[in-house]
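What follows is a single structure, written as structure tokens, with notes after it.
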Amino acid sequence: MHRQRVIIRTLGIATAVALAATACGPQKAESAGSSSSASSSPTAGATPEASPSTDNKPGDASPSASASASASASPSATPAVKAIMANGDESDQIRELQARLKQLKLMSVAPTGFYGSKTTAAVKSFQSKNALTASGSVDDATWQKIQKLTKKPTEEELRPPTTNEVDAPDPRCMTGRVMCISKESRTLAWMIDGKIVSTMDVRFGSENTPTREGEFKVDRKEKDWVSTIYHTPMPYAMFFSGGQAVHYSADFAARGYAGASHGCVNVRDKGKLSALFAQVQTGDKVVVYW
């Protein structure tokens, strides 16, 4: 009898050790194990936005969360609506969306192809006016309605040569002397103590050579500079992050947004940049943001 108790106790310790080892395994494995019953649910393919329990981490399930999961599996649950374009996305389809929203007078900035706060607000406004769910993301119903009420954008509408409207300044731009550079509106606003002094169109690096985002300072200025890597002229260069600088680009002036930089912030108006170059001082702030 005593021997049986020892064996049972030993097996109990071994089981506890095995369970502890399993709990320390990859989170993905834990999720797979804990969601085996959910995989047979009709809503297993629901998007994270529509699933009431997706904010819970693996192992955080509570009785109420389980109840919610059970409720979502009922046949009467509303199917998840899939977004085909949403905040943070970037594509030519989004550029077309923005051009169509501009036709509807819901956007004033030039199309950029990036789905940011302005596009989200414009889409939400359109959805509210057309009895659609005002999510700010574009689903099939929203996209079809927008296409129905607009015409296919021309190349000039998609990539207009006109000056872009300045974006709302980032909060970091509201104090001091700042080159406030918005990737969404593709503009540079020279600001002093929260007031805009001058603005100009800009373009950025490609996907392979992106312009860095963040808060920087002008560390040096070079009126006549040639890239030591690409051997191209960079007049009125104001360096702010390693080799990245704000500078005039003859290519931007000639081709517009059909091209891209190697990471620098290109300006196409040489006269405006010349005036800005004379005002900016080493140590002035540079903010690059979406």
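All of the numbers you see were taken from the coordinates with simple rules; none came from a lab. All figures in this text were calculated on a predicted structure; none of them were measured in a lab. Glycine also receives a Cβ, built like all others from the backbone with ideal geometry; neighbour counts cover every protein chain displayed.
Here are the numbers for the structure shown:
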quantity	calculated
15 Å Cα-Cα reach of LYS270 towards aspartates and glutamates, excluding residues that sit fewer than 8 places from it in its own chain	ASP201, GLU222, ASP224, ASP251
Alpha-carbon radius of gyration plus Dmax, which is the widest Cα pair, for the range 171-289 in Å	12.8, 37
Highest-first arrangement of 272-278, 82-88, where packing means the average Cβ count within 10 Å	272-278, 82-88
MET174 paired with SER108, simple spin-label distance in nm, labels 7 Å along Cα-to-beta-carbon	2.0
Stretch gain in nm, segment SER117-ALA131, where the contour uses 0.36 nm per residue and the Cα spacing is subtracted	2.9 nm
R0 of 25 Å, Cβ-Cβ distance GLU215-GLU90: FRET efficiency to nearest 0.05	0.65
Linear extension gain, ILE192 paired with GLN147, 0.36 nm per residue minus alpha-carbon span	12.0 nm
